[in-house]
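The structure appears right after this line, and notes come after that.
Nothing in this text is a laboratory measurement; each read-out follows from the coordinates by a stated rule. Every value quoted in this text rests on a predicted model; they were computed, and no experiment measured them. For neighbour counting, all protein chains shown are included, and Cβ atoms are generated from backbone atoms with ideal geometry for every residue, glycine included.
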Amino acid sequence: MKYHKLVRDKIPEIIEKAGLKPRIKTLSDSEFSIELEKKLEEEMHEYLESHELEELIDIEEVILKLIKVKGVKKEDFEKLRENKKKKRGAFDKKIFLIETTD
């Protein structure tokens, strides 16, 4: 079976324990960045189809790795997130914008 996708670190080991032989390669930094973005899209689609908590966990894992790949510390990312929240708000009030008028 062909996959051609980024997988979690222990997946090859799990595949071997199932009696199969995985064929893998280690990605370059630029390939990894591209594949992380593809993985984010994949995980978002999976969540939107299933609404499973597990898929949100996968999304967060990919986002955390993307932050690291971009050279940003998690603490700095959190500061940026908090600053944006202060300027633009969060989603606590459940506001749905219908339209604007003159």
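Under 6 Å between Cβ atoms, which residue pairs at least 6 apart in sequence (or on different chains) link something in the range 24-45 that is over 16 Å from D58 (Cβ atoms) with a partner that is of a type in the set (A, V, I, L, M)?
Correct list of pairs: S33/V69.
Within the range 62-75, how many residues turn out to be without any contact (Cβ under 8 Å) to a residue 24 or more places away in the chain, within 20 Å of D9 (Cβ to Cβ) and surrounded by 12 or more Cβ atoms within 10 Å (Cβ to Cβ)?
The total comes to 4.
Across the range 69-89, which residue is farthest from the chain's Cα centre (by Cα) among those that are part of a helix (DSSP H, G or I) and of a type in the set (A, V, I, L, M)?
We begin by selecting, within the range 69-89, every residue part of a helix (DSSP H, G or I); these are 69, 74-88.
Remaining after also requiring of a type in the set (A, V, I, L, M): 69, 80.
Details: V69: 12, L80: 18 Å.
Filtering the range 69-89 for residues that are part of a helix (DSSP H, G or I) and of a type in the set (A, V, I, L, M), the one farthest from the chain's Cα centre (by Cα) comes out as L80.
Can you give me the number of residues within the range 4-46 that are part of a loop (DSSP other than H, G, I, E, B) and farther than 21 Å from V69 by Cβ?
The qualifying residues number 6.
Kindly evaluate L66 against the criterion of being assigned to a helix (DSSP H, G or I), over 30 Å from H4 (Cα atoms) and aliphatic (A, V, I, L, M).
No.
Considering only the range 27-44, state which residues are in contact with a helix residue (DSSP H, G or I) (Cβ under 9 Å, 6 or more places away or on another chain), more than 13 Å from R8 (Cβ to Cβ) and not aliphatic (A, V, I, L, M).
Kept after step one, since they are in contact with a helix residue (DSSP H, G or I) (Cβ under 9 Å, 6 or more places away or on another chain), are these residues of the range 27-44: 27, 29, 32-33, 36-37, 39-40, 42-44.
Now drop any that are not more than 13 Å from R8 (Cβ to Cβ), which leaves 27, 29, 32-33, 37, 40, 44.
Result: D29, F32, S33, E37.
Can you say whether E49 is among the acidic types (D, E), over 19 Å from V69 (Cβ atoms) and exposed (fewer than 10 other Cβ atoms within 10 Å of the Cβ), as far as the supplied structure shows? Don't jump to the end; show me each part of the working.
Working: among the acidic types (D, E): yes; over 19 Å from V69 (Cβ atoms): yes; exposed (fewer than 10 other Cβ atoms within 10 Å of the Cβ): yes.
Here the answer is yes, as E49 does meet what is asked.
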